[in-house]
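What follows is one structure encoded as structure tokens, with my remarks underneath.
Just so it is clear, none of the values below were taken in a lab; they were calculated from the coordinates. These numbers were taken from a predicted model, which means no experiment stands behind them. Cβ placement follows ideal geometry from the backbone for every residue including glycine, while neighbour counts extend to all protein chains displayed.
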Amino acid sequence: MCNISIKCQKCRSELASNDSSTIVDCHNKPIQDTLRITYSCNENVMENNWYLASTALPDWINTSIDEGNWQKGKLICPNCTLRVGSFDFISGIKCQCKQFVLPQIHLVKSKVDIYFR
Ligand SMILES: [Zn+2]
Ligand SMILES: [Zn+2]
């Protein structure tokens, strides 16, 4: 298993890594290597988000979710305040295949860079 690091696209500070969190796909399966990076339940649809399992989160995300009372809100880069994602513990949105509820916390792929080392 390689190390994954997700960084803010604007200021390059690290937002999440698999030391502090579990990066998962739309079916809550951990993404562990580049072979899984394109995984989606519907291969015809590009997945726009990286998801994070709610069981282990970086401090800044925990703080944001606490401030949002574990309901719904935005995730803002703690360094440059770029909006990098959001969380939603209320709606229970399902993925494309309608079989799974999407993980509640996500980072938007177009706002972050992902590195494998
Ligand atoms: Zn930033
Ligand atoms: Zn699915």
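Odds and ends about this structure:
- Among I76, I90, I65, a tally of other beta-carbon atoms within 10 Å of each Cβ gives an order, fewest to most, of I90, I76, I65.
- The range 4-116 - charge dipole about Cα centre, Lys and Arg +1 at Cβ, Asp and Glu -1, debye rounded to 20: 340 debye
- Karplus-derived 3J(HN,Hα) values for the range 7-16, using 6.51 cos²θ - 1.76 cosθ + 1.60 with θ = phi - 60°, are 10, 4, 5, 7, 10, 6, 7, 6, 9, 7 Hz; glycine and proline are entered as x.
- Under 5 Å from the amide H of A16 lie the amide H atoms of I6, each residue being 5 or more positions distant or on a separate chain, with H modelled from the backbone and absent for Pro and chain starts.
- Distant-in-sequence amide contacts of G85, defined by a placed amide H-H separation under 5 Å and a gap of 5 or more residues or a different chain, comprise L75, V108.
- For the chain, modelled as a GNM whose springs connect Cα atoms under 10 angstrom apart, the maximal fluctuation among Q32, Q99, Q71 occurs at Q99.
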